[in-house]
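In what follows, a structure is listed as structure tokens, so that the remarks can point back to it.
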Amino acid sequence: MKHRLLTFLVILLTSPLFAQQGDVVLCEGFFNPWLEEGWDAKGDDWVVWYISNTTYAGGKAREMQMYPDFNFHGTTRLVTPIVELGKYDFINFQFNHCLEATQGELDVQIGIGISENGEDWESIWEDTVTGSIAQSQYMLTFDMEEWPTKEPQFCLYFTGNGAYVTSWYVDNVIVFAAKKNKYGKIDDVDESGFVASRSHILNLKGPTAGTVTKFSTMRKSNNKFSKIVEGRGRRNRRR
């Protein structure tokens, strides 16, 4: 019964979007007014995570909402349960999100991290936020070869100054896991395993709805995180 329910949720959360490769090892749509077992919200003071009865990220109600205080400057994380990846070689990490920013100098990064113990985190993907992020679905691919564990917890994190960020909405967090083909290779990766050529953004709303931005090339920042090259589906909003 549980397997059937999980299958139904995956179909519900991914249709009519791209068919993904691999087995579903994590699927969360935040349908209940409480966090499911194993999920947690961690971080510095002056920020609040809660389940909101809204659909700004592009999924079904409900969704996770992060609300930073004007004085917030630090890191906060939405943490998954432990994900069992023992027999797999790579994953597709998919999530919907939307970030609302006011006019001002943003000093913010969002990203995905992994941890062996839920306390010490290593970033495997990060992007610098320059303005509001339109309602989008991100699908990011990672080769797990260099990871320290195959039983990680993941997190979606926000770090920086929250003075000009109103809210960050997150929904439909799904991890698909798969084995490599007989040649033992999927594509070129960066130091943290990020595979740009297999990752993309699907815009869900507005005049660009339905368009896909590919991570066609790798570009490294000073801290070696992969960056989206262009077409991030973002727009500055005035209040």
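The values are calculated or read from the model by the stated rules, or taken from the named source; none is laboratory data. What you see is a predicted model, and the numbers here were worked out from it, not measured in a lab. Neighbour counts are summed over all protein chains in view; Cβ atoms, including those assigned to glycine, are modelled from backbone coordinates with ideal geometry. The protein model used for the area step is the full one, side chains on, heavy atoms only, and it has no ligands, DNA or RNA in it. Shrake-Rupley method; radii C 1.70, N 1.55, O 1.52, S 1.80 Å.
Note on the range 65-220: Cα-Cα pairs beyond 19 Å make up 56% of the total pair count.
The distance separating the Cα centre of the range 84-156 from that of the range 36-73 comes to 15 Å. Mind running the shape call on the range 133-183? Use the C-alpha gyration tensor, a ≥ b ≥ c as the square roots of the eigenvalues: rounded below 1.5 for a/c, prolate if a/b tops b/c, oblate otherwise. Since a/c reaches 1.5 and a/b is larger than b/c, the shape of the range 133-183 is classed as prolate. For the range 28-121, the fraction of 1.4 Å probe accessible surface lying on carbon and sulfur atoms is 43 percent.
Shown in residue order for the range 157-171 are the 3J(HN,Hα) couplings computed by the Karplus curve 6.51 cos²θ - 1.76 cosθ + 1.60 at θ = phi - 60°: 10, 10, 9, x, 8, x, 4, 10, 10, 7, 7, 10, 9, 9, 8 Hz (x for Gly and Pro).
Are there any GluC sites (Glu not before Pro) in the range 50-123 that are in a DSSP loop and have at most 14 other Cβ atoms within 10 Å? List them by number.
Hits after loop and neighbour filter: E84, E105, E119.
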